[in-house]
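Student: Below you'll find the structure I mean.
The values are calculated or read from the model by the stated rules, or taken from the named source; none is laboratory data. What you are looking at is a predicted structure, and each value in this text was computed from that prediction instead of being measured. In this analysis, Cβ positions are derived from the backbone assuming ideal geometry, glycine residues included, and neighbour counts consider all displayed protein chains.
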Amino acid sequence: MNKFMIRFRGVRGSFPVPGKNTLKIGGNTSCVEFRIGNAVIIIDAGTGIISLGEDLLKEHFSTGQPIVATILFSHMHHDHNQGFLFFKPAYLGSTTLHIFGPTMFEKGMEEMLSQIMRPPFSPVRLEDLNSLRLIHNLRGAEEILVDPETGNTFFRNIHHEQENPDKNLIRIFVQKDYAHPVNGVLFYRVEWQDKKVVYASDTEGYVGGNQKLIKFAKDADVFIHDAQYYMDNEYADIMTSKQGYGHSSPEMAVGVAQKANAKRLVLYHHDPSHDDEKIEEKEKDVQRLFPNTIAAYEGLIINLSE
Ligand SMILES: [Zn+2]
Ligand SMILES: [Zn+2]
């Protein structure tokens, strides 16, 4: 049982962009699925989580096994939670969801999820969902342990460097980042059997690179980084600059990936105005700087178990 697979379910920032110009990259908002052993770990619940929910339901009906999943929210902007209401496993009484996310503006995860799921904004309230939900708030310096056999989680409020009590447990490290308006974002590092995957979306680069992130992403096998804007004609454009929006250019992503000695860079959280052609162009430009780069697209699978 050494399965370690990542699948990109939604790769857009801001809002969904269906249509003929985004068929290759996909139009759904942020969601990445991890399958490690039997465990299902999901980072962000943009509209990409909806198709994952459908697949989990099919598996549940064919195997009879209850669904157990961990959902990690990076922050609570719409493009990271708008799919949660339509995540069908949450409606099943046999499902267990381990939910983790930040405290923002003194509101915990349960309160924030209740706020986005209530009339008149939503026909269904959080408390109407039949699933068992174990909801935890993160400050941004914790470790979550996940059992790869059962998918159940153990939460440790401890410092990163402590020894893993059981080598076979999946370890998820959390780091708070302040480079996203208005109240920052959480980065996640998922580790299992000497493999490391880092998720750093919705963050803006610093001169010389984000040193805390460089340390956090050290030697990552897969480094998923925000690359929403082009440097010259978007990020630093004199008329329509996107500085301060809390997103990065691909060059910023490369800078951090190089300094962190990441093995593979995945450009993520594409701007909704970028069509397939433009993102392909972006990928080629970045490959000149960092050859092992791929622009995330819906359905991209990275298998770390080989
Ligand atoms: Zn976003
Ligand atoms: Zn955001």
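Student: Please enumerate the residues belonging to region 97-145 that are among the small types (Gly, Ala, Ser) and within 21 Å of TYR188 (Cβ to Cβ).
Tutor: Across region 97-145, the qualifying residues are GLY101, GLY108, GLY140, ALA141.
Student: Filter region 218-255 down to the residues that are in contact with an Asp or Glu (Cβ under 8 Å, 6 or more places away or on another chain) and touching a residue at least 60 places away in the same chain (Cβ under 8 Å), then identify the one that is farthest from ligand 2 (Cβ to nearest atom).
Tutor: So the residue we want is GLY244.
Student: Can you list residue pairs whose Cβ atoms sit under 7 Å apart, with the first residue in region 256-271 being within 19 Å of SER74 (Cα to Cα) and within 16 Å of ligand 1 (Cβ to nearest atom) and the second being aliphatic (A, V, I, L, M) and part of a strand (DSSP E or B)? Count only pairs 6 or more apart in sequence or on different chains.
Tutor: Partner pairs satisfying both residue conditions: VAL266/VAL222; VAL266/ILE224; VAL266/ILE294; LEU267/ALA295; TYR268/ILE224.
Student: In region 176-205, how many are more than 16 Å from ligand 1 (Cβ to nearest atom) and either in contact with a helix residue (DSSP H, G or I) (Cβ under 8 Å, 6 or more places away or on another chain) or of a type in the set (Asp, Glu) (or both)?
Tutor: So the answer is 4.
Student: Right, something else. Would you mention how many residues in region 237-254 are out of contact with any helix residue (DSSP H, G or I) (no Cβ under 9 Å at 6 or more places or on another chain) and on the phi < 0 side of the Ramachandran plot?
Tutor: Residues meeting the conditions: 3.
Student: Still on this structure, I have one more. Which residues, counting only those in region 1-55, are within 15 Å of the chain's Cα centre (by Cα), without any contact (Cβ under 8 Å) to a residue 40 or more places away in the chain and away from ligand 2 (no atom under 16 Å from the Cβ)?
Tutor: The answer is GLU33, ARG35, ILE42, ILE50.
Student: Among the residues of region 210-237, how many are more than 24 Å from GLU281 (Cβ to Cβ) and not hydrophobic (A, V, I, L, M, F, W, C)?
Tutor: 7
Student: Considering only region 184-227, state which residues are farther than 27 Å from VAL40 by Cα, polar (S, T, N, Q) and touching a Ser or Thr at 6+ places or on another chain (Cβ under 9 Å).
Tutor: If the condition is that a residue be farther than 27 Å from VAL40 by Cα, polar (S, T, N, Q) and touching a Ser or Thr at 6+ places or on another chain (Cβ under 9 Å), then ASN210 is the only one that fits.
Student: Same structure again: Please state which of the following conditions VAL185 fails to meet, knowing it meets all the rest: (1) within 16 Å of ligand 2 (Cβ to nearest atom); (2) among the β-branched types (Val, Ile, Thr); (3) without any contact (Cβ under 8 Å) to a residue 40 or more places away in the chain.
Tutor: With respect to (1) within 16 Å of ligand 2 (Cβ to nearest atom); (2) among the β-branched types (Val, Ile, Thr); (3) without any contact (Cβ under 8 Å) to a residue 40 or more places away in the chain, VAL185 is out only on (3).
Student: Follow-up question, since we're still on this one. What pairs come up if the first residue lies in region 94-107 and is touching a residue at least 24 places away in the same chain (Cβ under 8 Å) and more than 26 Å from PHE61 (Cα to Cα), the second is in a loop (DSSP other than H, G, I, E, B) and aromatic (Phe, Trp, Tyr), and their beta carbons are under 9 Å apart, counting only those six or more places apart or on different chains?
Tutor: Cβ pairs passing all conditions: PHE100/PHE73; GLY101/PHE73; PRO102/PHE73.
Student: Let me ask something else about it. So PRO250 clears everything in (1) crowded, with 24+ Cβ neighbours inside 10 Å; (2) in contact with a Leu (Cβ under 9 Å, 6 or more places away or on another chain); (3) at pLDDT 95 or above except one condition, right? Which one?
Tutor: If we test PRO250 against (1) crowded, with 24+ Cβ neighbours inside 10 Å; (2) in contact with a Leu (Cβ under 9 Å, 6 or more places away or on another chain); (3) at pLDDT 95 or above, just (3) comes out false.
Student: Run down ALA220, ALA262 and say which single residue is modelled with pLDDT of 95 or more, among the small types (Gly, Ala, Ser), touching a Lys or Arg at 6+ places or on another chain (Cβ under 7 Å) and not in a helix (DSSP H, G or I).
Tutor: Only one candidate passes the filter, namely ALA220.
Student: While we're looking at this one, here's another question. Step by step: first the residues of region 6-47, then only those that are surrounded by 22 or more Cβ atoms within 10 Å (Cβ to Cβ) and among the aromatic types (Phe, Trp, Tyr), then the one that is nearest to PHE154 (Cα to Cα). Which residue is that?
Tutor: The extreme case among them is PHE34.
Student: Another question, then. Can you tell me which residue within region 70-105, out of those that are in a strand (DSSP E or B) and either of a type in the set (Val, Ile, Thr) or within 20 Å of VAL11 (Cα to Cα) (or both), is nearest to ligand 2 (Cβ to nearest atom)?
Tutor: GLY101
Student: Among the residues of region 206-233, which ones are of a type outside the set (Phe, Trp, Tyr), more than 13 Å from ALA260 (Cα to Cα) and more than 16 Å from ligand 1 (Cβ to nearest atom)?
Tutor: Hits for region 206-233 are VAL207, MET231, ASP232, ASN233.
Student: Ok, one more. Out of the strands (runs of 3 or more DSSP E) lying entirely within region 1-63, which hold 3 or more residues that are within 16 Å of ligand 1 (Cβ to nearest atom)?
Tutor: Answer list for region 1-63: 4-10.
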